[in-house]
Structures are given as structure tokens and as C-alpha cells.
Amino acid sequence: MADQQTTTRPPQTEPSAREPWPEETGPPARGGRAQGYFRAHPRAKWGVLAIIIIFVGVGYAVWSYYASRESTDDAQIDGHIVPISARVGGTVEKVNVDDNQYVEAGTVLVQLDPTDYQVTVDRARAELQDAMASLQAARTGVPLAHTTTSSTLSNAQASLRAAQQEVTASQARLREAEAQYKLAADDVRRLAQLIKKDEIPQQRYDTAVTTEQQAAASVDAARAAVANAQSHVAQAEAMVQGAQTVPQQLAITRAKAGSAEANVARLQATLQQAELHLQYTVIRAPNTGIVSKKTVEPGEVIQPGQPVLALVNLEDVWVTANFKETQLKNMRPGQPAEIEVDAYGRTYKGHVDSIGGATGARFSLLPPENATGNYVKVVQRVPVKIVFEKGQDPQHLLRPGMSVVPTVFIK
């Protein structure tokens, strides 16, 4: 009881100026301490509330920022790299450019020795002129042959008609001679009976016999004339048959003219090919760009199709960005983009042009194939083409192969 009286303190009605001893109060509760702090500092809760609001706002802003765009660092600038090759073989006479030199379209890059090709052109031109002369002669022979053969046919037909008329006339004369002979023969028979009776003089009988003999001779002459006329008809018919080959002869003449025309066309093509080969001895730049990978020197003998240099076209460059397949959900052609170029620390404007037709792995040398059944899912990447807006690179600082970080605004 004495110990309890010594440790028990009477309640105080007035606040004490000193802090209570820890053993007197004991450990305070966590919520009570916070409540006590906010009671002691009533404005603190507004500060905490403001901090929470700021954090929520910043978090929402960050979420909105990254939710409205997709970015990747697996991207680089691409462009047209044109390999320049020789279209004909020959000895290099002159090389007019060096590596990394800027050239305009049409600039002479390499000059080959044109001597052999010039000789080929001259020979082809001479052969063409000879063929054209032959063609002119063949064309002239067509109407001449037509006129000649037509005239021959007309003459043969006229000769046949004349021979046929001659046969008709000869046959008529033969009939006349035969009639006269018959009359003379009848007279001789009658007078022979009368001369036996001495009713007529001998002279009259002799005259009748002479007349008969003359008529027989006239018949023989008429028959010979008929045979001669018939031979003329046969000859004229043969001439007509020979002249009736006019269409075949004209066809042969026209075929020769056609052959001459085809020969001229063939030699014209040969001349054009020779002239093209002569032009190919001058290798020109097909477009504006930067010369790279020059592998030819004067005096070198090159073969057709041998690469001599490469030309990088800086007028048309774009970005190939390999986005993850999970980033393509809301990505569409035409969406704006920003391209940050690592080399210059500068950002360019652009837009999505197209999305690749397959993942990059499908275009690799060894496409992935799950033949064993051991499948591990790997996020694939799909190439996306992003083109630059016009007029941002007048100095052509962007080069194919440079690393970039494109950001596509999908919302």
C-alpha cells in the first residue's frame, strides 16, 4: 500500500509546463501521432493533398504522353543505293569522279575506249546502205515485171486469136478447094464418056483434066495451110500457157522485194545495236547522288555487267523503323512522326508511309522454324516505313545507315 501511494499521483487540473515522462505516457499510437501532427499543423493536410494531386496529375500526364505515341531505337535511315555497272566491255579510258563526290544526273562517270564500237557502227551503216540499194532495185523490178509479163500475156493471147482465125480461113479455103476439085473431077468423068464417043474435041477433055489436076493441087495446098495454121495455134497456146505464169512471176518478184525489206530491217536493228553499244562506252550518272565504292581505274579492262561504283541518291531517303508487334495496334499510315537523328541531335518531321508485309525475321537468311516442338514466344518486330517531310534537309545531311529514334503519334 505504501508503494502504491508513493507511485500514484493525484490528477492535476492545470496543464503542466514540462513534457510527460515516457514511462508515464507510454508509446503513442501511429494514427494518433499523425492526428496530433495535423492538429498541431492544420495546413499540412492541404499540402499533402496538393502533393497527391500533383503526383496524380503528373502520372496522368506521363501516361497520356506515352499512350499517345510509340517509339523505338531500332531504326535507321534507308535510301536508294544504285550500283553502276558497265553494259559493254572494254578498256577504261578515263574516270571522272572520286569517292564521296557529289554528282548531278547525267554526269559522265567513266569513259571506255570507243574505237572498236565505232568501227562496228561504220560497218553496220555500210551494210545497211547496200541493203537499201538492193531494196530499191527490188521495188523497181516489181512494176517492171508486172508490165513485162502482162504485155507478154496480151501478145500471146493476141497471137492465139490470130492463129485461130488463120485456121478458120485455111479451113474455108480448103473447103473451097475441095469443092472446086470435086467439080473438076465430075467434069472429067463426064467428058471421058463423051470423048469415047467422039462427041467432044480432045482439047476440051485435056483442059478438064488439067483443071482437075490444078484443083487437086489447090486442095493439097489448102490442107497444108490448115496444118500450118493449126501449128501456129499450138504455138500460140503454148505462149499463152507460158504467159499465164504472170502471177507466180510477180509473186516471186514481190517475195524478193520483201526479202530485201526484211534484210534492211535486220541491218537497221544491227546498226541501232551497234550505236547503242557505242553510247554505252560512256557511263553516266542516272540520278543525282554521292559516288561510293569506286572500284575502277584508268587502263583497266572491264567486262559487261561488272560493277564500277555505287551512287547513293540523297534526294529520296526514309526511315525503316522496326517496331515491336505489340506497338502496331493503333499505328496507321499517314500518322505524324518525329525522327531524332543521333548524328546531329536534331529532330525532323515525318509521317508513316506504310507498314511491312511481314516481320523482319521472315526476311532473314534463315527464317525461324519450329520443327522440334520447343517453342519460345519472342516478340517480333515489323518494319515500318516513315518518310521525311519535304524541304527539311536542303544540305543533304541525312545519309542511309544513320541511326535514328522515330516517335509515331498514334492518337
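Find, among the trypsin sites (Lys or Arg not before Pro) in the range 318-408, those assigned to loop by DSSP (not H, G, I, E, B) with at most 16 other beta-carbon atoms within 10 angstrom. Don't skip to the end; give the middle numbers.
On the way: sites: LYS324, LYS329, ARG346, LYS349, ARG362, LYS377, ARG381, LYS385, LYS390; in loops: LYS329, LYS377, LYS390.
Counting only loop positions with at most 16 other Cβ atoms within 10 Å, the trypsin sites (Lys or Arg not before Pro) in the range 318-408 are LYS329, LYS377, LYS390.
Going down the table (LYS349/LYS385; LYS390/LYS411; LYS385/LYS411; LYS329/LYS349; LYS329/LYS390), which pairs top 20 Å between alpha carbons? Show your work: numbers first, answer last.
Numbers: LYS349/LYS385 14 Å; LYS390/LYS411 23 Å; LYS385/LYS411 18 Å; LYS329/LYS349 22 Å; LYS329/LYS390 28 Å.
Correct reply: LYS390/LYS411; LYS329/LYS349; LYS329/LYS390.
Would you kindly derive the ³J(HN,Hα) couplings of the range 266-278 from the backbone phi angles with the Karplus curve 6.51 cos²θ - 1.76 cosθ + 1.60 (θ = phi - 60°), listing them in order in whole Hz, with x for Gly and Pro?
Karplus values, whole Hz, x for Gly and Pro: 5, 6, 5, 5, 5, 5, 4, 5, 5, 5, 4, 4, 5.
Starting from the Cα of TYR102, step 7 Å along the direction of its Cβ; do the same at VAL48; then give the gap between the two resulting points in nm.
6.5
Taking θ as phi - 60°, what are the ³J(HN,Hα) couplings along the range 304-312 by the Karplus curve (6.51, -1.76, 1.60), each to the nearest whole Hz, with x for Gly and Pro?
Calculated HN-Hα couplings, in order: x, x, 6, x, 10, 6, 10, 10, 9 Hz.
From the phi of every residue in the range 118-125, what ³J(HN,Hα) in whole Hz does the Karplus formula 6.51 cos²θ - 1.76 cosθ + 1.60 yield, where θ is phi - 60° and glycine or proline is x?
Whole-Hz 3J(HN,Hα) from phi for the range 118-125: 5, 4, 4, 5, 4, 5, 5, 5.
Percentage of Cα-Cα pair distances in the range 61-133 greater than 19 Å, rounded to whole percent? The partial results should precede the final answer.
Details: 1760 of 2628 pairs.
Of all Cα-Cα distances in the range 61-133, 67 percent exceed 19 Å.
As a test of the definition: which semi-axes, in Å, follow for the range 292-411 when you take the square root of five times each eigenvalue of its alpha carbon gyration tensor? Largest first, please. Display every interim value, and only then the final one.
Numbers: eigenvalues 209, 135, 25 Å².
Equivalent-ellipsoid dimensions as semi-axes: 32, 26, 11 Å.
List the residues, sorted by chain then number, that are 5 or more residues from PHE323 or on another chain and whose placed amide H is less than 5 Å from its amide H.
VAL382, VAL384
For SER403 and ALA269, what does the FRET efficiency come to when R0 = 45 Å and r is the distance between their Cβ atoms, rounded to the nearest 0.05?
0.30
For the range 168-207, which GluC sites (Glu not before Pro) are in a loop by DSSP, counting at most 15 other Cβ atoms within 10 Å? Mind showing how you got there, number by number?
On the way: sites: GLU176, GLU178, GLU199; in loops: GLU199.
Passing sites in the range 168-207 are GLU199.
For the residues PHE55, PHE409, PHE388, what sequence is obtained by ranking on other C-beta atoms within 10 Å, fewest first?
Numbers: PHE55 10, PHE409 14, PHE388 19.
Result, fewest neighbours first: PHE55, PHE409, PHE388.
Sort 225-235, 97-107 by the packing proxy (mean of other Cβ within 10 Å over each peptide's residues), most packed first. Please list the in-between numbers first.
Working: 225-235: 16.1, 97-107: 13.0.
Output ranking for 225-235, 97-107: 225-235, 97-107.
Every number here is computed from the coordinates shown, using simple stated rules; none is lab data. Every value quoted in this text rests on a predicted model; they were computed, and no experiment measured them. For neighbour counting, all protein chains shown are included, and Cβ atoms are generated from backbone atoms with ideal geometry for every residue, glycine included.
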